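Undergrad: Take this structure, written in structure tokens, and hold onto it; I'll ask about it next.
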Amino acid sequence: MKKFVVGNFKMNTTPTQFGSYLDEFLPRIRESKTNIIFCLPATHFHIANQRLSTTNIKFGAQNISSEESGAYTGEISSVMVKDCGAFCTLVGHSETRRHFKETAESINQKIIRALAVNLKVILCVGETKYERSTKKTKLSLKRQLDIALKGLYENELKNIIIAYEPIWAIGTGKTPNVKEVESAITDIKSIISDSFSIRDYDKITILYGGSINENNFTQFVKIKGVSGLLVGGACLNPKSFANICK
Ligand code: 13P
């Protein structure tokens, strides 16, 4: 299966700068054999729609509202994102959990809203430094996954990609070692397959994210069970991100 490389722009670049970014990025990845997705600020969607529709690169949102529509000033709904041409949305990123006080229940609601309009979901989960040091990584992942996926049907899992992003590895330059990622991937697969009685582990798509860069990414994509990468800071440089995608 083709690997995924997802670039999360976070709150970086203006739409104009994103246009210039694509001028540099697109010619470099003509031969790419990966599934490339940009998770963008909504202000960039029209440019992504214009410039990416003739490529096989997809784009998505970084968050959506847990509500369907109505008096929620500042929010963007799943149907709005879908109507702009987006393929997916991130849900439950540690930054939206922390800064916007996202609860586990609202993450579950966002997933249900996204799937209802045929938006794929990239669900981010990960442990804190404290949880890892007290050997509570699996417990933390289980708590996040159980509530986020509550009420879903097994056949909806094919529309959900899990991104394993240890919180302590995001933007810090620190990464888990290969064994730690392998063990988290095994934990995620067993938690999900226990809840959904899935026998075929390999149906679950899991990405690794956290301080990925041009120099360290190969060791992570080679890990068994890792279907690709979720890249933050390093995706903002078109040359570096193109090298990772290639
Ligand atoms: P960094 O790659 O900057 O650590 O960010 C990872 C991330 O949060 C992607 O969603």
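The values are calculated or read from the model by the stated rules, or taken from the named source; none is laboratory data. Being a predicted model, the structure only gives us computed values, none of them experimental. Using ideal geometry, Cβ is built from the backbone for each residue, glycine included, and neighbour counts are taken over all protein chains shown. What goes into the accessible areas is simple: the full protein's heavy atoms, side chains included, and nothing from ligands, DNA or RNA. Shrake-Rupley method; radii C 1.70, N 1.55, O 1.52, S 1.80 Å.
Undergrad: Scan the range 1-27 and report the pairs whose first residue is more than 23 Å from E165 (Cβ to Cβ) and whose second residue is of a type in the set (V, I, T) and open to solvent by 30 Å² or more (accessible area, probe 1.4 Å), with Cβ atoms within less than 6 Å and a gap of 6+ or a chain change.
TA: Note: pairs meeting the criteria are P15/T43.
Undergrad: If you don't mind, another one. Kindly indicate the residue of the range 57-101 that is among the basic types (K, R) and under 18 Å from L115 (Cβ atoms) and also farthest from the ligand (Cβ to nearest atom) among those meeting that condition. Before you say what the answer is, go through the steps one by one.
TA: Residues of the range 57-101 among the basic types (K, R): 58, 82, 97-98, 101.
From what's left, under 18 Å from L115 (Cβ atoms): 58, 82.
Working: K58: 16, K82: 21 Å.
Only one residue fits best here, namely K82.
Undergrad: Something else: Just checking, does the range 45-58 include any residue being within 16 Å of the chain's Cα centre (by Cα), modelled with pLDDT of 95 or more and either buried (at least 16 other Cβ atoms within 10 Å of the Cβ) or over 22 Å from V6 (Cα atoms) (or both)? Talk me through it step by step, then tell me what you get.
TA: Just the residues of the range 45-58 that are within 16 Å of the chain's Cα centre (by Cα), to begin with: 57-58.
Remaining after also requiring modelled with pLDDT of 95 or more: 57-58.
Keeping just the survivors that are either buried (at least 16 other Cβ atoms within 10 Å of the Cβ) or over 22 Å from V6 (Cα atoms) (or both) gives 57-58.
There is at least one residue in the range 45-58 that is within 16 Å of the chain's Cα centre (by Cα), modelled with pLDDT of 95 or more and either buried (at least 16 other Cβ atoms within 10 Å of the Cβ) or over 22 Å from V6 (Cα atoms) (or both).
Undergrad: As an exercise: evaluate C39 against (1) away from the ligand (no atom under 16 Å from the Cβ); (2) out of contact with any Ser or Thr (no Cβ under 6 Å at 6 or more places or on another chain) and give the number of the one condition it does not meet.
TA: (1)
Undergrad: If we scan the range 20-33, do we find a residue that is open to solvent by less than 50 Å² (accessible area, probe 1.4 Å), out of contact with any Pro (no Cβ under 8 Å at 6 or more places or on another chain), modelled with pLDDT under 95 and of a type outside the set (F, W, Y)?
TA: Yes, the conditions are met somewhere in the range 20-33.
Undergrad: Also, I was wondering about something else. Quick check on my filter: what residues within the range 222-246 are within 14 Å of the ligand (Cβ to nearest atom) and either under 15 Å from I170 (Cα atoms) or touching a residue at least 60 places away in the same chain (Cβ under 8 Å) (or both)?
TA: First, pick out the residues of the range 222-246 that are within 14 Å of the ligand (Cβ to nearest atom): 228-237, 240-241, 244.
Scanning the range 222-246 gives G228, L229, L230, V231, G232, G233, A234, C235, L236, F241, I244.
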